[in-house]
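Novice: Let me begin by handing over the structure; questions about it come next.
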Amino acid sequence: MKIHCLGTAGYHPNDSRQTSCYYLPDSGIALDAGTGAYRLPQFLTGSSLDILLSHAHLDHTVGLTFLLDMLANHPLDRIQIWGESDKLDAVRDHLFHSLIFPARLEASWNPIDDSAEFAIGETRVSWRRQDHPGGSVAYRLEWPNGKRLVYSTDTTGDTSPEYITWSRHADLLMHECYFRNEAAEWAQTTGHSWTDRVAEIARLNTPKKLLLTHINPLESASDPVESDLIQQQIKAETLIAEDGMTMEF
């Protein structure tokens, strides 16, 4: 399996990172649609696109308005957008309000609230609610070949037995790591994760690979969250997501 990192920052873009968007070409699935979504056309495969929204904040949804350009140059038979019903309503009512974006997006809006699990082609998708202002969800994707991916962004992190059972042993755990340890208190206030929290989650989850996502755009260091502190505590290979990175798992 392969994943393209199209946008890896949280909150707002900077000179090297766009906001959250990841694309799985083997399944035609995008994880969130932040500003990094403008890069989707060069990676699209097939005739459909499914977008899993973790929540409705702009750094995860504004890229939906870029899809008109994409469709003009790469026509698709179907676009499906998945998420909690109140989040989908907020995006349609506000982001696509005629005074903000005066063009209609031809897409199917699919609420997930009544289904703990659903299918996108051969991909089985399940989800869990997370602690974040306004709420967010984590997704688990599973394929017939046995591969498993867990995407947990915009969360203070969950170490409950229920979450660990649900997310354990992923081939790839994508987990946000917005802050360093010294900002742990502020991370909890704003609904985000920090270095030691992610290390604890990964230690319990035992993924094969850990990809740190939703990076603070104000950070310019090559290791913005001191990932070496995480790597010291877990066996899984730990990588920091970067725009343009393609990863196999």
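Derivation of every value follows stated rules applied to the coordinates shown; laboratory data play no part. Bear in mind that the values here come from a model prediction, so they are computed numbers and not experimental data. No Cβ is skipped: glycine too gets one built from the backbone with ideal geometry, and neighbour counts run over all protein chains shown.
Novice: Of all strands (runs of 3 or more DSSP E) completely enclosed by the range 16-106, which ones contain at least 2 residues that are over 14 Å from the mean Cα position of the chain (by Cα) and surrounded by 15 or more Cβ atoms within 10 Å (Cβ to Cβ)?
Specialist: On the way: elements: 21-24, 29-31, 48-52, 78-83.
Ranges flagged: 48-52, 78-83.
Novice: Out of GLY135, GLY146, GLY157, I need the residue that is under 15 Å from the mean Cα position of the chain (by Cα), small (Gly, Ala, Ser) and surrounded by fewer than 18 Cβ atoms within 10 Å (Cβ to Cβ). Which one?
Specialist: Just one listed residue meets the conditions, GLY135.
Novice: Go through (1) under 25 Å from LEU58 (Cα atoms); (2) free of Cβ contacts under 8 Å to residues at least 24 places away in the same chain one by one and return the number of the condition PRO144 breaks.
Specialist: Every condition holds for PRO144 apart from (1).
Novice: Next up: Among the numbered criteria (1) touching a residue at least 60 places away in the same chain (Cβ under 8 Å); (2) assigned to a loop (DSSP other than H, G, I, E, B), which single criterion is violated by MET247?
Specialist: Tallying (1) touching a residue at least 60 places away in the same chain (Cβ under 8 Å); (2) assigned to a loop (DSSP other than H, G, I, E, B), MET247 fails exactly one: (2).
Novice: Let me ask you something else. Output the qualifying pairs, or none if there are none: Cβ atoms under 8 angstrom, residues six or more apart or on different chains, first residue in the range 195-223 and under 21 Å from SER20 (Cβ atoms) and touching a residue at least 40 places away in the same chain (Cβ under 8 Å), second residue outside any helix (DSSP H, G or I) and of a type in the set (Asp, Glu).
Specialist: VAL198/GLU176; ILE201/ASP158; PRO207/ASP171; LYS209/ASP171; LYS209/GLU237; THR213/GLU176; HIS214/ASP154; HIS214/GLU176
Novice: What is the residue count in the range 202-223 for residues that are in a loop (DSSP other than H, G, I, E, B) and of a type in the set (A, V, I, L, M)? Let's see the steps before the verdict.
Specialist: Within the range 202-223, the subset in a loop (DSSP other than H, G, I, E, B) is 206-208, 214, 216-223.
When the remaining residues are screened for being of a type in the set (A, V, I, L, M), the result is 218, 221.
The number of residues fulfilling the criteria is 2.
Novice: If you take the residues in the range 115-132 that are in a loop (DSSP other than H, G, I, E, B) and of a type in the set (Gly, Ala, Ser), which one is surrounded by the fewest Cβ atoms within 10 Å (Cβ to Cβ)?
Specialist: The selected residue is ALA116.
Novice: Does ARG180 qualify as being in contact with a helix residue (DSSP H, G or I) (Cβ under 8 Å, 6 or more places away or on another chain) and in contact (Cβ under 8 Å) with a residue 40 or more places away in the chain?
Specialist: Criteria met by ARG180.
Novice: Does any residue of the range 176-195 turn out to be touching a Lys or Arg at 6+ places or on another chain (Cβ under 6 Å) and among the acidic types (Asp, Glu)?
Specialist: No, every residue in the range 176-195 fails to be touching a Lys or Arg at 6+ places or on another chain (Cβ under 6 Å) and among the acidic types (Asp, Glu).
Novice: While we're on this one: For ILE112, work out the one condition from (1) closer than 17 Å to GLY34 by Cβ; (2) crowded, with 16+ Cβ neighbours inside 10 Å it doesn't fulfil.
Specialist: Failed condition: (1).
Novice: Oh, and also: Among the listed residues ALA236, ALA221, ALA187, ALA170, which satisfies the condition of being buried (at least 18 other Cβ atoms within 10 Å of the Cβ) and either farther than 30 Å from ILE120 by Cβ or of a type in the set (S, T, N, Q) (or both)?
Specialist: Only one candidate qualifies: ALA187.
Novice: Any idea how many residues of the range 224-244 are under 16 Å from the mean Cα position of the chain (by Cα) and either among the small types (Gly, Ala, Ser) or part of a loop (DSSP other than H, G, I, E, B) (or both)?
Specialist: 4
Novice: Does the range 1-15 hold any residues that are surrounded by fewer than 17 Cβ atoms within 10 Å (Cβ to Cβ) and either without any contact (Cβ under 8 Å) to a residue 24 or more places away in the chain or on the phi > 0 side of the Ramachandran plot (or both), and which are they?
Specialist: ASP15
Novice: Here's a follow-up. Residue under question is LYS209, and the condition is that it be touching a strand residue (DSSP E or B) at 6+ places or on another chain (Cβ under 6 Å) and of a type in the set (D, E, K, R); does it hold?
Specialist: On the way: touching a strand residue (DSSP E or B) at 6+ places or on another chain (Cβ under 6 Å): yes; of a type in the set (D, E, K, R): yes.
Spelling it out, LYS209 is indeed touching a strand residue (DSSP E or B) at 6+ places or on another chain (Cβ under 6 Å) and of a type in the set (D, E, K, R).
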